[in-house]
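Only one structure is covered here, and it is reproduced in the block below.
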Amino acid sequence: MKTTLKSLLTGGCLAALLSAGGMASAKDLTFAVGFPSGSTVVQSLEKFVAKVAENGGPGIKLYPLSLLDLKQTGPGLRDHIVDMGYVIMPYHPAEYANSNLGADLNMLSTVGDRIDAPGFAMTGALTEYIMLECPECVAEFARERQIYLGSISTHDYALLCTTPIRQVSDLAGKKLRVASANWGRWAEAMGATRVSISANETYEALSQGVVDCTVVHPADLLDLQLMDVTKYVTLGVPGGLFVGVGAANINIDAWRGLSEDERVAMLKAAAYNSAELSYNYYVRPMEALEKAREEGIEIIEAGPELTEATEAFVAEDTAVIADLFTENYGVENAAEKVAKVSALVEKWKGLTEDVKDVETLAKLYEDEIFSRIDPTSYGMN
């Protein structure tokens with residue numbers, strides 16, 4: 001029997017959650033996001049809330065880093081402590097196995113034919129895959145009492161460290177915090193050790209020497225205040241980006257309680273949300289890196305040996321991903337699903353290579369994906 005998050009909360013803590021949550025209000029949907037106010041995610045989600053209202057959808061109240069943290073959000077949605085949430089799928093590898101398979105292929109977006117904003121392509125590829133090409137993905141969200149409303153992607157991942165990393169030998173024996181299994185395998189292939197901890201715990205882990213580096217997008221120098229504990233940033237490796245997010249997941253009962261017009265409004269706003277977040281994660285790292293230089297943090301470009309080793313790793317890792325998801329999580333036809341996601345990544349590289357603004361990107365996501373979702377049937381059975 002699955003333990004519920006409610007059963008782990010007692011007394012005043014549970015009462016406070018419920019008093020703020022959707023079950024206590026008939027007016028606004030409650031949305032838990034495990035990032036602080038002012039962060040890239042929260043700023044973008046504020047625009048999503050406005051778009052939903054503008055489109056005639058329900059009111060939504062955001063709760064940044066107050067009701068649930070990033071690891072608790074998925075279970076909190078399942079147990080309907082909140083109505084909506086920003087769900088980090090790799091924190092729950094078994095629950096979202098088919099969706100995580102697609103997300104784990106993110107390093108394909110930064111190898112081969114390279115585009116300026118690979119996150120735009122990866123957002124489109126994974127969102128199309130989950131919503132339109134992977135009924136198993138939709139089903140696993142439903143088992144967790146959720147409806148998926150699109151992903152987002154960060155910009156290229158880099159190394160934020162307390163020690164300089166320039167070549168493969170510099171990684172030997174280092175402890176790297178990773179947010180997803182593919183970067184864990186990359187770390188081990190480079191001679192480092194993977195450490196899996198929540199993003200909310202990264203600041204303390206770096207400051208106390210629990211890890212030497214975190215594999216992350218440079219925007220977290222600002223968003224998670226990692227500027228204070230980072231001394232070196234290495235760009236160019238490991239590459240890839242984080243796409244394993246349900247950016248505006250909604251509890252299945254809350255979704256089914258909306259009118260058809262409200263579901264249409266949510267889908268239209270969700271297309272904008274995927275574009276807005278992905279765009280902000282494209283421009284935010286530039287701001288963060290400029291600030292880092294001002295703060296005296298050394299910005300390092302990975303040497304050719306390290307870059308070539310990373311390219312070779314990505315070329316070999318695709319088959320590994322298929323095997324791992326088959327063996328560890330029972331994903332059926334994994335090799336076929338890997339091929340499908342790979343083709344979608346290439347398709348979306350072509351679709352997004354010349355996109356430079358949020359509105360164009362949002363229209364592309366709406367035309368290619370969200371407009372193809374039937375609001376009368378999606379998540380209703």
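The values are calculated or read from the model by the stated rules, or taken from the named source; none is laboratory data. Please read all numbers here as calculations on a predicted model, not as lab measurements. No Cβ is skipped: glycine too gets one built from the backbone with ideal geometry, and neighbour counts run over all protein chains shown. Heavy atoms of the whole protein, side chains included, go into the accessibility calculation; ligands, DNA and RNA do not. Shrake-Rupley method; radii C 1.70, N 1.55, O 1.52, S 1.80 Å.
Name the single residue, out of those in segment 148-184 being outside any loop (DSSP other than H, G, I, E, B) and open to solvent by 30 Å² or more (accessible area, probe 1.4 Å), that is farthest from LEU77 (Cα to Cα).
SER169
Which pairs turn up if I take residues in segment 195-213 that are under 10 Å from LEU176 (Cα atoms) and look for partners that are among the aromatic types (Phe, Trp, Tyr) and not in a helix (DSSP H, G or I) with beta carbon separation below 9 Å, at least 6 apart in sequence or on another chain?
Pairs that qualify, where the first residue is under 10 Å from LEU176 (Cα atoms) and the partner is among the aromatic types (Phe, Trp, Tyr) and not in a helix (DSSP H, G or I), are CYS213/TYR232.
Could you check LYS71 against (1) among the basic types (Lys, Arg); (2) in contact with a helix residue (DSSP H, G or I) (Cβ under 8 Å, 6 or more places away or on another chain); (3) farther than 19 Å from SER151 by Cβ and say which number it fails?
Against the list (1) among the basic types (Lys, Arg); (2) in contact with a helix residue (DSSP H, G or I) (Cβ under 8 Å, 6 or more places away or on another chain); (3) farther than 19 Å from SER151 by Cβ, LYS71 comes up short only on (3).
Please tell me if ASP113 is open to solvent by less than 20 Å² (accessible area, probe 1.4 Å), touching a residue at least 12 places away in the same chain (Cβ under 8 Å) and acidic (Asp, Glu).
When the stated conditions are applied, ASP113 does not pass them.
Being open to solvent by less than 20 Å² (accessible area, probe 1.4 Å) and among the small types (Gly, Ala, Ser) is the filter; apply it to segment 276-301 and report the residue that is nearest to CYS161 (Cα to Cα).
ALA292
Hey, among GLY56, GLY76, which residue is over 21 Å from ALA271 (Cα atoms) and either surrounded by fewer than 20 Cβ atoms within 10 Å (Cβ to Cβ) or in contact with a helix residue (DSSP H, G or I) (Cβ under 9 Å, 6 or more places away or on another chain) (or both)?
GLY76
Among the residues of segment 211-219, is any touching a Ser or Thr at 6+ places or on another chain (Cβ under 7 Å), open to solvent by 10 Å² or more (accessible area, probe 1.4 Å) and modelled with pLDDT of 95 or more?
yes
Can you spot a residue in segment 120-140 that is more than 18 Å from PRO75 (Cα to Cα), open to solvent by less than 10 Å² (accessible area, probe 1.4 Å) and at pLDDT below 95?
For segment 120-140, residues more than 18 Å from PRO75 (Cα to Cα), open to solvent by less than 10 Å² (accessible area, probe 1.4 Å) and at pLDDT below 95: absent.
Please go through segment 165-188 and give me each residue that is hydrophobic (A, V, I, L, M, F, W, C), closer than 27 Å to TYR96 by Cα and modelled with pLDDT of 95 or more, ordered by number.
Residues satisfying the conditions are LEU176, TRP186, ALA187.
Among the residues of segment 85-100, write down those that are aliphatic (A, V, I, L, M), open to solvent by 10 Å² or more (accessible area, probe 1.4 Å) and under 26 Å from SER66 (Cβ atoms).
ILE88
Can you go through ALA103, ALA121 and tell me which one is among the aliphatic types (A, V, I, L, M) and under 25 Å from LEU226 (Cα atoms)?
Selected residue: ALA103, the only one of ALA103, ALA121 that is among the aliphatic types (A, V, I, L, M) and under 25 Å from LEU226 (Cα atoms).
For ASN273, indicate whether it is polar (S, T, N, Q), touching a residue at least 60 places away in the same chain (Cβ under 8 Å) and surrounded by fewer than 24 Cβ atoms within 10 Å (Cβ to Cβ).
Criteria not met by ASN273.
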